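Everything below concerns the one structure shown next.
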Amino acid sequence: MTIEIVREVDSHARSVNVLTVCQQDDTIAVTKPVAEDGVMAKCAVRALVAVALSASAASGQQLPFRGDSLGVDTAAAMSALAAQSLAAYHDPNRDRYLDNLFRLQMLTGRYADAGRTLDSLRIRRGNRVSLSATATNILYQVLATAKARPTGAQFDEVFRQTYRDALARLDDRTAALVVRNSNISPTGLDAAVLGAFRTATGRTSIALTDALTLLRAYQAQQAFRVIAPLAGAVNAGDDRRRYVIDYEVKVPTVAGAAVCAMIVRQRSATRRLPALLNFTIYADSGTNMSDARRAASNGYVGVVGLTRGKRCSPDNPVPYENDGVDAAALIDWIAQQPWSDGRVGMYGGSYAGFTQWAAAKQLPKALKTMIPAVAVAPGIDVPMDGNVFLTFVYPWTFYTLDNKELDNATYFDFDRWNRLSQSWYTTGRAYRDLDKIDGKPNPIFDRWIDHPTYDDYWQRMIPYGKDFARVNIPVLQTAGYYFGGPGAAVYYFTEHYRHNPNAQDYLVIGPYDHPLGQRGLVTQLGDTLYVMGGYRVDPVALTDFGELRYQWFDWILKGGPRPALLKDKVNYQVMGANVWAHAPSIDAMADQRLRFYLSPIRVDSGYRLTPNGYSGGTHVEQTVDFADRSDVNRVAPGGGVVARAIDTWNGIQFVSPVLAGPFELNGLFSGRLDFICNKRDFDFQISLYELTSNADYVLLSTYWTRASAVRDLSHRTLLEPGVRQQLDYHSVRLTSRLIGNASRLVVLISIIKQPDIQINYGTGKDVSDETMADAKEPLKISWYGGSYIELPVRRH
């Protein structure tokens, strides 16, 4: 059930989206129409509170609940609900029980008991959970201890002293995460509470599992409302004790330009150390400091470099264009410093993944390794994907370029961006007119749409063609199957090996989205995420990529052991099988191909996928009226990884017979489109689903592109209206799933027409110049029986 529109910023992906908070099973989740930095996320669902709750018989118990008291006397209502839950709750899973118990105790004011429960949880868990979760529980322990003190004491000072003492006892690695977590943005915590409250409002009773979900969200929110304001001064003192910090160092690069860098070094270091560099456009001082501090706490020099023009750099900021040469110049500078041993590793996700490839193109001698996470590739998946421009990047330029830091006020004006998309869509004006409709010039976006194919402008930014052959440093890429999770990882990986067969490029990929492809299935507070987009992940997928990062650097730069997960070049989680599998290449993930043809045989609301093609004039008709804008406020069904329905608006679905399983679907699907079209071009999406025997649609992969870009992103090849023709396509988003017995496969072919994506009217002109006047007769496509999809599979 959709319940509220909220705002969210993810400090890892730096995504800012209009979100719809949803209740899904025992998970408070959010749906978001787009994901930042390059890959459309069609209503991606990401859990904000995704924890496995009680599986005990008591979990279905109903508790009395006054939903009408929320927002009136919220604290009292939550305390009363926590007391009832405390009396009713039991769970055979001891770890989960203790994790819920201390929260209920804190909400009922039993702080001494909560402290003892946290002690038991710490002893029980040992090193079995993420270090970030341990850090968060230390903060909860500090809060419980301070709250348990006599009421006559000054709480603020008691908290600070308790926190100061706790930090002093910690090693650098743990303390760095405690300090980071104490500064968490409240946005996600507030969104989780808002969603839980809206589902509970008006109720007279509530299931124990729902109560625990609501109470966990509320407890975290309330705890960090206290912790965050009080921790700052203590954190600063702890930093001074442990580290030497240069907050703003202006480093000259090329042609008189300069970049701004932050440098963090351990005071205890007695020798030169390798440096770890995160080079980013996001001048967020808190996040930048957390990144550099964590690197330093792991025995490196932590450096954060910023795009030219940010913070202390005197230049004008421009995204993408100068980052490669500037990052390379900063790497050369780092290698010459007295604290450096001459070796530099790079890390970071999304935009900071791109900058690593941009730097590698320049071949700086001191760059020894890099870890790009869901790296974007300008011109490949941002600001267009398959040469289709994505409107979410329009406000991103203001966010990153309006000032020396970040323009939150403009970027967070969601009403403005919704109005812009809707106005453009309903009026049918040219895509090039977006800034005129908005009323504020956007010269960088205008520059981008002046380059609608993957031309020299884009090719200069990252390795292109033979450039990849010269990248000989070890590379670790992390990525996800969903919602911006891939970034352009598959593009970088395949191009690297195509031009350099001896590359040392490792890929780790699983059921993650854009933020989770950077940090794994953990929240910013270190809590494990068990549900992603409605899909309950396999236990083996619960990986902390933050820890994997330092395992990798220790292996490459310090001679430590190779991370256990990296058993081959492609390391992928087989969804539904609860295993990690390993292969020397993407092609080697499968041992055979399964082909299905798009047939005109009707089945239910779609057509049949068959193993045999159809010859002659038999075909399926598809018609889309680009002049019809009555769907501007349409609410699409589905949108998650698992859904009970899929969005067939402007689409046609083809369904296979029941399949003999199980078998693994591993890799990249491909195929051929055999058709006649009445236009010179169109934009389309192919979505692949498993339809389970329980009637759940499980999203496997998606592919979208401009038809004229299928053969070559660098050159537009227009269609011949009225002539039968074929397009051979190859998807770019990896997947792996164990397909169950009695499942079916569903292929959905949709024409792209929606308010937040450029619309291709099919005239053959530059799509950014087309208007609704170019719509004229509706798009008509006849799909012939030579059309097929080919699936990479591995039989058990």
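Summary table
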| item | result |
| --- | --- |
| Scan of the range 190-219 for residues that are closer than 24 Å to V142 by Cβ and touching a strand residue (DSSP E or B) at 6+ places or on another chain (Cβ under 8 Å), ordered by number | D190, A192, R216, A217 |
| Residue that is nearest to T410 (Cα to Cα) [pool: residues in the range 424-436 that are part of a helix (DSSP H, G or I) and open to solvent by less than 40 Å² (accessible area, probe 1.4 Å)] | D435 |
| Test result for L276, in contact with a strand residue (DSSP E or B) (Cβ under 6 Å, 6 or more places away or on another chain), more than 20 Å from G342 (Cβ to Cβ) and crowded, with 20+ Cβ neighbours inside 10 Å | no |
| Unique residue being among the β-branched types (V, I, T), under 23 Å from the mean Cα position of the chain (by Cα), modelled with pLDDT of 95 or more and in a loop (DSSP other than H, G, I, E, B) when the list is I462, I473 | I462 |
| Residue match in the range 230-248 (condition: closer than 30 Å to P64 by Cβ and surrounded by fewer than 23 Cβ atoms within 10 Å (Cβ to Cβ)) | no |
| Residues that are over 27 Å from the mean Cα position of the chain (by Cα), of a type in the set (A, V, I, L, M, F, W, C) and within 19 Å of G348 (Cα to Cα), drawn from the range 264-300 | V264 |
| Any hit, the range 141-152, residues being farther than 24 Å from D527 by Cα and among the polar types (S, T, N, Q) | yes |
| Residue count, the range 373-408 (criterion: small (G, A, S) and either at pLDDT below 95 or in contact with a Gly (Cβ under 9 Å, 6 or more places away or on another chain) (or both)) | 3 |
| Per-region count, the range 616-627, residues open to solvent by 60 Å² or more (accessible area, probe 1.4 Å) and out of contact with any strand residue (DSSP E or B) (no Cβ under 9 Å at 6 or more places or on another chain) | 0 |
| Unmet criterion (only one of (1) more than 30 Å from the chain's Cα centre (by Cα); (2) crowded, with 19+ Cβ neighbours inside 10 Å) for R595 | (2) |
| So T117, is it more than 18 Å from I227 (Cα to Cα), among the β-branched types (V, I, T) and either open to solvent by less than 40 Å² (accessible area, probe 1.4 Å) or touching a Phe, Trp or Tyr at 6+ places or on another chain (Cβ under 9 Å) (or both) | yes |
| Scope the range 171-216; condition over 30 Å from N288 (Cα atoms), open to solvent by less than 50 Å² (accessible area, probe 1.4 Å) and β-branched (V, I, T); matching residues | T199, I206, T209, T213 |
| Meets criteria (over 28 Å from G428 (Cα atoms) and aromatic (F, W, Y)) for Y761 | no |
| Criterion (open to solvent by 30 Å² or more (accessible area, probe 1.4 Å), modelled with pLDDT under 95 and more than 20 Å from L276 (Cβ to Cβ)) met by exactly one of V540, V579 | V540 |
| Those strands (runs of 3 or more DSSP E) lying entirely in the range 208-316 with at least 2 residues more than 26 Å from T400 (Cα to Cα) | 243-252, 258-266, 273-280 |
| Only listed residue being out of contact with any Pro (no Cβ under 9 Å at 6 or more places or on another chain), open to solvent by less than 30 Å² (accessible area, probe 1.4 Å) and within 22 Å of N760 (Cβ to Cβ), chosen from G661, G651 | G651 |
| Selection within the range 355-372 - in contact (Cβ under 8 Å) with a residue 60 or more places away in the chain, open to solvent by 10 Å² or more (accessible area, probe 1.4 Å) and either part of a helix (DSSP H, G or I) or in contact with a Pro (Cβ under 8 Å, 6 or more places away or on another chain) (or both) | K361, K368 |
| Candidates Q551, Q524, filtered to the one that is open to solvent by 10 Å² or more (accessible area, probe 1.4 Å), of a type outside the set (A, V, I, L, M, F, W, C), in a loop (DSSP other than H, G, I, E, B) and touching a residue at least 12 places away in the same chain (Cβ under 8 Å) | Q524 |
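Each row is one residue, and each column tells you yes or no for (1) surrounded by 17 or more Cβ atoms within 10 Å (Cβ to Cβ); (2) among the aromatic types (F, W, Y); (3) within 26 Å of F392 (Cα to Cα).
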{"residue": "D712", "(1), (2), (3)": "no, no, yes"}
{"residue": "S736", "(1), (2), (3)": "yes, no, no"}
{"residue": "V767", "(1), (2), (3)": "yes, no, yes"}
{"residue": "E777", "(1), (2), (3)": "no, no, no"}
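The values are calculated or read from the model by the stated rules, or taken from the named source; none is laboratory data. Please read these numbers as outputs of a predicted model, since none were measured by experiment. Reconstructed Cβ throughout: ideal geometry from the backbone, glycine too, with neighbour counts over all protein chains shown. Quick note on the areas: whole protein, heavy atoms, side chains included, nothing else; ligands and nucleic acids left out. Shrake-Rupley method; radii C 1.70, N 1.55, O 1.52, S 1.80 Å.
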